[in-house]
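Down below is the structure, laid out as structure tokens.
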Amino acid sequence: MADAAETVKKTVEQNTAKAKAQAENIQAAGAKAFREGVDKSVASLTELNAHGKKNLEAVVESAAAAQKGAEALSQETLAFSKKSWEDGVAAAQSLSQARSVQELVELQTSWAKSAAEAYLAQFGKATEIFTASVKDSFKPINERVTATVESFQAAR
């Protein structure tokens, strides 16, 4: 009977040791999986933060480009307005010195033609400035969208 009790005792001790070893292995594997999950989460958050920072920088760069374009357009418009005013005053002086109705009509027609041509040229210039400004403003944002799409495609 003593042998049977001794055998049971050894079997219990062996099974206890095996269970303890398995529990330690499971705990170690769980801790490792948890650490890996936390590391991946932190890496993802860091990457997300970096993308957010780059996106904010792109928005700031875009706003700066838009402001620069608006300033250029404003300066061009102001310069055209000043020249147009000066040309109008000169035309009025010229018209007031006309000696006949025919000369008055010719001067007025000539001034109207030159004013229309100047306006169309200015409109073309303003369109070019505006187009360049829009292009420059959207460039940083387009670059960020492209980078984001590429990173999503790489993740697939």
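The values are calculated or read from the model by the stated rules, or taken from the named source; none is laboratory data. Keep in mind the model is a prediction, meaning the values are calculated, not measured. The area values use the complete protein model at the heavy-atom level, side chains included, leaving out ligands, DNA and RNA. Shrake-Rupley method; radii C 1.70, N 1.55, O 1.52, S 1.80 Å.
Tell me, what is the per residue accessible area of the range 1-155 in Å², probe radius 1.4 Å?
On the way: 12460 Å² over 155 residues.
That works out to 80 Å² for each residue.
Against the longest alpha carbon principal axis of the chain, how many degrees, from 0 to 90 and to the nearest 10, is the axis of helix 101-155 turned?
Approximately 10 degrees, to the nearest 10.
Hey, which lysines would be in cross-link range of residue 54, C-alpha to C-alpha under 26 Å, not counting anything within fewer than 8 residues on its own chain?
Hits, sequence-local ones excluded: 40, 68, 135, 139.
Using a 1.4 angstrom probe on heavy atoms only, work out the carbon and sulfur share of the accessible area of the chain in %.
Working: 7830 of 12680 Å².
Accessible surface attributable to carbon and sulfur in the chain totals 62 percent.
Below 28 Å, Cα to Cα, which lysines can residue 18 reach? Residues fewer than 8 away in the same chain don't count.
Straight-distance partners of residue 18: 9, 10, 32.
Once fully extended, how much extra length lies between residue 143 and residue 119, figured as 0.36 nm per residue of separation less the alpha-carbon to alpha-carbon distance? List each step's numbers first, then the result.
On the way: separation 24, 0.36 × 24 = 8.64 nm, distance 3.60 nm.
Gain in length upon complete extension: 5.0 nm.
Nearest 10 degrees is fine. How inclined is helix 2-96 to the longest principal axis of the chain, computing both from alpha carbons?
Roughly 0 degrees, rounded to the nearest 10.
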